[in-house]
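Derivation of every value follows stated rules applied to the coordinates shown; laboratory data play no part. None of these values were measured; they are calculated from a predicted model. Cβ: placed from backbone, ideal geometry, glycine included. Neighbour counts: every protein chain shown.
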Amino acid sequence: MPSAPPLTAALTTILLLLFFIKPTISWRPWPSTHPNSTNLLFDGSKKYEGSSEFVELKYHMGPVLTANITVYPIWYGRWQNSQKRIIREFIASISAANSAPPSVAGWWKTVQQYSDQTGANISRNVHIGEEKNDRFYSLGKSLTRLSVQSVIKSAVTATTRPLPINPKSGVYLLLTSDDVHVDDFCNNICGFHYFTFPSIVGYTLPYAWVGNSAKLCPSVCAYPFAVPEYFPQKAVKSPNDDVGVDGMISVIAHEIAELSTNPLVNAWYAGGDPVFPVEIADLCEGIYGTGGGGSYTGQMLNGEDGATFNMNGIRRRFLVQWVWNHIVNYCTGPNALDQ
């Protein structure tokens, strides 16, 4: 039996990258398990709202998304039209300055404060670009981190209506339906972001993956619309009557905020290890309102229908975690009681 051929240079590069570098795990579900989390620093304090004199969020001179940002959704698996509308309307709400306060656009203003080495700020304009459907699960119902990139490759190289190649201001958002498992999904990961490898996709494109946890682990990735059995508090009502998708919204927000400020994992992050950066949304995990920290979400809002939310969009309400404000050095959001 002949010996196996030697690995090609391209394959060797891929294996080295996979061994030493992993996608940025930008969402760690409730409760936080990150060792540098301000939740652990203050151990449940409701005073600081994630603020910390120990947090040193630094700029590492890499690019950020200063041009108009285009989000390209890739719908993997079976999605209902109503679910797609919720996610589309959230993305459209990021730039909807006329939404009633507290608004998603108000939340995005914190992200806009971040800039690159020229002083150019993150774009205020975020809109939805072309979309791609993969309703027949082209790579099956169990994806690896490599096959996630392969799905994106298929979307940008399709023979009919391929997604545009937009490495400077594009965000390729892979959304998997509630019957699809991705490596480490539900095991402290509900989403992640990174950039594609040219050896796989042909281009370096900032991308994120977020999964629908409705069937697999809603108490992990759709908190507080579902809660673990051991939690004393009850689940709250989701604002759009879809626990899985409403849970995804905050993770999507988390990923878009971090992709905008750290698209190539060399711009804005805290900590000394770029392989495991602590980014602007990581610092505010589980904080949705004033007083948030530890195991407390903070002050949220309740609608007349009993639904819980903290931000208004164009036509809908959403529950979105806060992000780190590097100017005042604590987590902020548009529904803060002192605003």
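The 3J(HN,Hα) values that the Karplus relation (6.51, -1.76, 1.60; θ = phi - 60°) gives for the range 69-75 are, in residue order, 8, 10, 9, 10, x, 10, 8 Hz. Gly and Pro appear as x. Computed packing ranks the peptides 161-168, 202-209, 327-334 as 202-209, 327-334, 161-168, most packed first, by mean other Cβ atoms within 10 Å. For the range 27-332, the C-alpha radius of gyration sits at 0.93 times the compact-globule guess of 2.2 N^0.38 Å, with N the residue count. With both labels modelled 7 Å from their Cα along Cα-to-Cβ, the Ser295 to Asn188 distance reads 1.8 nm. Distance from the Cα centre of the range 279-328 to that of the range 76-125, in angstrom? If you average the Cα positions of each part, the centres end up 14 Å apart. The distance separating the Cα centre of the range 142-160 from that of the range 201-251 comes to 23 Å.
Using 0.36 nm per residue, how much length does the chain from Gln233 to Gln112 gain when fully extended, once their Cα-Cα distance is taken away? Show your work: numbers first, answer last.
Details: separation 121, 0.36 × 121 = 43.56 nm, distance 3.46 nm.
The Gln233-Gln112 span can extend by a further 40.1 nm.
With K and R counted +1 and D and E -1, the other residues having a Cβ less than 12 Å from that of Trp209 yield a net charge of -2. If I take every Cα pair under 8 Å that is 6 or more residues apart in the range 99-217, average their sequence separation and divide by the length, what percent do I get for the relative contact order? Relative CO of the range 99-217 lands at 22 percent.
Counting neighbouring Cβ atoms within 10 Å and putting the fewest first, the residues Met248, Met61 line up as Met61, Met248. Using C-alpha pairs under 8 Å with a sequence gap of at least 6, the mean separation divided by the residue count of the range 27-332 gives a relative contact order of 28 percent.
Scanning residues 5 or more positions from Met311 or on other chains, those with amide H under 5 Å from its amide H are Phe318, Val320, with H placed 1.01 Å from N in the peptide plane.
Here the dipole of the range 27-332 is about 740 debye; that uses its Cα centre as origin and unit charges on the Cβ of Lys and Arg (positive) and Asp and Glu (negative).
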